[in-house]
Structures are given as C-alpha cells and as structure tokens.
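The structure appears right after this line, and notes come after that.
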Amino acid sequence: GWQASTKSGSLSYILPCNRLPVQLMSQVRVYTSNGQKKNLGSEDTNGSNPEETQRKVGTGRQDTSNAGQKQSFLKEPIQVKVKAVLKKREYGPKYTQNNFITGVRAINEFCLKSSDLDQLRKIKRRSPHDDTETFTVYLRSDVEAKSLEVWGSPEALARERKRRKEAEIKYRENLFRNQRLLREYKEFFGNTKPRSSAAAMFFKGPGKVVMVAICINGLNFFFKLLAWVYTGSASMFSEAIHSLADTCNQALLALGISQSARTPDPSHPYGFTNMRYIASLISGVGIFMMGAGLSWYHGIMGLLHPHPIESLLWAYCILAGSLVSEGATLLVAINEIRRSARAKGLSFYQYVVQSRDPSTNVVLLEDAAAVLSVAVAATCMGLTSLTGNPYYDSVGSLGVGTLLGTVSAFLIYTNTEALLGRSIQPEQLQRLTELLESDPVVRAIHDVKATDMGMSKVRFKAEVDFDGRVVTRSYLEKQDIDQLLQEIQQVKTLEELETFMLKHGENIIDTLGAEVDRLEKDLKQRNPDVRHVDLEIL
C-alpha cells in the first residue's frame, strides 16, 4: 500500500505502509501515484481537501533526493481502493416490529374486536395450510398500537388480559358440569344428530372384527363357566378364564378404536391414533395377568391337590362349540389382515409382525390361541377320561397358561415398539429420499428421519440444502426482466441499492418457502402414508 497526497500533480510524500488509514463510508476512491484521484461512487460529502487527505494518510518527510529516487521506480500508477460498507443495523435481543400475526391472535392476545381490525393494514401472505393459498395477516406493531388506542394504557390492557384468563380458567373448571348438563339435555329431548364416525367404525374393518369377537367370546365364557361348575375340570376353568380375558380385552380394544377417532386438539396436535396401541398394550398385560396367571395357578393347585372329575360329556360339547365359534372369529380376522396387507403391499407375516393394525392383531392372536387352547384342553381332558388320572387335566391348564403368556409377551413387545416411534422400512425411506434428491432445487439432504406414528401415518423430517441459484432463477422467471433491468439501472446510491436488495431479497425468500411447500405436497401426494413433513433449510 503506497499512500500519496498531491495537490499540483507532483509526488511530494511517498510512504509504504501495511494499513490504509483512509476511511470513507459512502464512496470508493482510487488514489494513484501520478497524482490523479478517481471517484468510483458518490462525491465525498465531507468535502475533504488534499491537506485533510494528507493528514488522514499520515505524515512523514523524506529528502527531495530520496523522493526523486523512489519516484523513478514508480513507472506504473499504484491504485488503492476503499470499499464502501453499509452500516450494520442493531436490532437488540428482542425485535418484533416486522412480525406478522393472524386476526385470531390479534383478537385473543390484544383483546380486540373484529371491527377494530378493519381499520388496520391487511397483508396477504402464503398460507401454511394445504386447503388455502393465501391468508390475511396484520403487522404486530399496528395491532399493538391499536390495542393501546382501545384500552388507553398498557396497564389497562394487562388487567383485561388477566380478567379473561381468570374467566377461561373458570370455564374449564365448569366444563365437566356443562358436559353433564348437555348429556341430560340430549337424553330428555332426544339426540337427533346423525350417527357419529366413531360409531360407524364398528361396522367395517377392524371395528367389525372386534365387535364380532366380543359377542362370540362373551357367549363362550358363559357356556364354559357352566361346564366348569358342572364338571370341576381345571382345563375347563382355564378355558372359561381365557374367554373372559378375551372378552374384557376386546372391549378395551373397542374403547381404543373409538378414542382413536377423536379429532386433534391443541393439546394433541397429531391426533389420538396411538390409543389403539395403548389399548392393545393394556390388553396384552391383561391377558398375561388374568389368563396366564389364573390358568397357571389353577393348574398348580390341581397338581398339588388332585380330585376326581365328573362326567366330561357336556364339557366336550361346549369345547366343540367353542372351537367352531373361535374358528369363525379367527377366519374373520385373517381375512381382514389379508385385505389390509394386500392394500399396503406387505405379506401377511410382515403385516402382523409390524403391528400395522393392533386391534385386528390382538383378535387374530387371541383367537389363534383360543383354538389351540381348546385343542390342548380337549386332549388333556380325553387323557384324563381314558386313564382316570386328574394330573393330565392340570397339565392341560398349565399348557393353556403358557400359550396365553406367549401371546401376551408378543403383544406387549410389538405395541411397545410401535409406541416408541420406530422408523419406517428402509425401502420406503429410500423412495422418499430419492424423490427429494431428484428435484432440481435440492442439492443434498441430511439427517433424514421417518417415524411410523401408527395406523399408516408417517412423519418425515430432513435437513435440506437448497440450490440458491435455482431458487433465484425460479423467481426471475416470474418477473418482467425489462422492468427489473430498469430498476437496476436506476440504482445510484447505497440507499437505493439497499431498497432494491431488500425488496427482491424478501421475494426470493418467499419463493424458497413456496418451493418447500411444493416439495412437502409432492411427498404427501406420492406417498399417502406420509401425513406430516418437516423440511428444514440448511
């Protein structure tokens, strides 16, 4: 860096240095060793003269002879460029002046009326919802000013917020009483509303399978209980307990199905679909405690204290009827799982192991265990009839308990895995990844996570590295290039450049947001299982 300050064109002071002390905020000037000064921006508003420039550059004198010697080495002009830098704007730790809020937030948080918002500026922005393209928002600063105008002071606004909060808490406390009064009103005047979607779920699919199983297992429990009272057989007692456990567990499944149909609310934004898995998990625990536990207990007591068994004719008849009814329910569950597995492109085994439909899985496994346990009980009771040894009957009770314990352990494991949020299959994840990477606006994707939320609902998340040039080109394709070129040619000052960049920079960011929405929509359309997509910009 050679510094020079001249007045008449001759080089009077030449000083090599490492740092350029010339500081200009709004222009770029070029100083040359031949005494010429070139302006590459606006004129210096401070009106600096050569003497002031000489003071900024620094002082230092040398002999005229030395200056002449050094001037002879400077055959080419030395240029020094000083860059103009836009002053950084400090926003502070909290800046909300350019925030947008919706009309609902403005009314709720600032205690305004809809008529108050009619007087404010309305801004159209891209909608975050799939069913609408744009929606209306308001500047937060305008809403805050309007709230102060309506309420007079921040203290009055705070008091009104406190009063409304107390009223909301009181309403929630009385919500249970209001619901009870509403039920009494419906019982008195009659409920004329159409059948709810939750009730309609029990007439098709898994709901139908569960209701059929409840009816059949309830009848089986009643007849098996009569047979045990008549014969005193330990195996028949185990069968009666087994049918009772199946009936209670399937009633629990029906409750889970009805609860899973509830619409999402602010406390549960992703809905209640996991209620099916929770009900199936509790059902598995119930099978283990009621079915397996009581069967083992009765079998052990039979081994420790054997007693003769009465005529088993009626027991055989009831077991035969139970075999037919349980087999019919098993066929209903098998047909439902085959149909669902075919729709998902999975095999029967994969559909069951992955617990795609927990309610139908429970019915399938319980009925399969019921059919096997009937066979075990009938075999052991037959051996007791032939040999007269009651130990075979007790061993049959232990066998039924072991079978129920195995089924309950499988249900607990599969439903726990589903509730923990397991990943989707690698093949499906690869398809989603390739779909994103094949889009021209995407450079790369990282940290991909796809979680199975249950009941054919997938949540997909990825860090996406977008190609800024493709996004900008997409924005330019929608603009009038001639008009844009005229705007560029009219830029002469830093203020005009800042205005130009802020305008088109915000539009490019909006274009990037539109590209994110397009990618999310494509993922959902091509993969119906994907219900929630979170694409984060790197």
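The values are calculated or read from the model by the stated rules, or taken from the named source; none is laboratory data. Here the structure is a predicted model, which means the values were calculated and not measured. Quick reminder, even Gly has a Cβ in these numbers, built from the backbone with ideal geometry, and neighbours come from all protein chains shown. Note: areas computed on protein heavy atoms with side chains; ligands, DNA, RNA excluded. Shrake-Rupley method; radii C 1.70, N 1.55, O 1.52, S 1.80 Å.
Quick notes
- Too-long pairs where the Cα-Cα distance tops 20 Å, listed order kept, from LYS113/LYS165; LYS88/LYS478; LYS344/LYS457: LYS88/LYS478
- Ranking THR451, THR416, ILE537 by how far each Cα lies toward the positive end of the dipole of the range 388-538 (charges on Cβ) leaves THR416 at the top.
- In the range 204-307, trypsin sites (Lys or Arg not before Pro) in a DSSP loop with at most 14 other beta-carbon atoms within 10 Å: LYS204, ARG262
- Heavy-atom surface of the range 198-420, accessible at 1.4 Å and reported per residue (Å²): 45
- Per-pair calculated FRET efficiency, R0 = 30 Å: VAL353 and HIS268 via Cβ, rounded to 0.05: 0.60
- Gain in span if fully extended, MET289 to VAL229, counting 0.36 nm per residue against the direct Cα distance: 19.4 nm
- Expressed to the nearest 5 percent, the antiparallel share of DSSP beta bridges inside the range 426-537 is 55 percent.
- For the pair GLU487 and ARG518 in one chain, pulling the backbone fully straight at 0.36 nm per residue adds 8.2 nm over the alpha carbon distance.
- Taken one residue at a time, the phi angles of the range 259-266 give Karplus couplings (6.51, -1.76, 1.60, θ = phi - 60°) of 6, 5, 7, 5, 6, x, 10, x Hz. Gly and Pro are set to x.
- Working note: Karplus 6.51/-1.76/1.60 with θ = phi - 60° gives the range 123-129 the couplings 10, 8, 10, 5, 7, x, 9 Hz, where Gly and Pro are set to x.
- Under 5 Å, built H, 5+ apart or other chain: amide partners of VAL458: MET453, VAL530, ARG531, HIS532
- Kirkwood hydrodynamic radius (C-alpha pairs) into Stokes-Einstein, the range 198-420, 25 °C and 0.890 mPa s, D in µm²/s: 138
- Amide H contacts under 5 Å for CYS111, placed H, 5+ residues apart: none
- Radius, Kirkwood style, for the range 476-538 when every pair of distinct Cα atoms is counted (Å): 14.3
- FRET efficiency estimate (nearest 0.05) - Cβ-Cβ, ILE169 to ARG125, R0 41 angstrom: 0.80
- Within-15-Å neighbourhood charge of ALA328 [Cβ basis; K, R +1; D, E -1]: -4
- Heavy-atom accessible surface of the range 100-189: percent carbon and sulfur, 1.4 Å: 53
- Size descriptor, Kirkwood hydrodynamic radius, that averages inverse alpha-carbon separations across the range 100-189, Å: 15.7
- Stretch gain in nm, segment GLU477-ARG339, where the contour uses 0.36 nm per residue and the Cα spacing is subtracted: 44.9 nm
- Share of pairwise Cα separations in the range 426-537, more than 21 Å, in percent: 47
- Given +1 at the Cβ of Lys and Arg, -1 at the Cβ of Asp and Glu and no other charges, the dipole of the range 100-189 around its Cα centre is 220 debye to the nearest 20.
- Amide H to amide H distances under 5 Å link ARG443 with ASP465, PHE466, ASP467, where only residues 5 or more positions off or on other chains count and H is placed in the peptide plane.
- Rolling a 1.4 angstrom probe over the protein heavy atoms with all chains in place gives the range 90-163 an accessible area of 71 Å² per residue.
- With the whole protein complex present, CYS317 retains an accessible surface near 70 Å², based on a 1.4 Å probe.
- Virtual spin-label span in nm between LYS94 and ILE509, 7 Å along Cα→Cβ: 2.1
- Taking Lys and Arg as +1 and Asp and Glu as -1, the other residues whose beta-carbon sits under 11 Å from that of GLN479 total -2.
- Applying a DSSP loop filter and a limit of 14 other Cβ atoms within 10 Å to the chymotrypsin sites (Phe, Trp or Tyr not before Pro) in the range 253-356 leaves TYR270.
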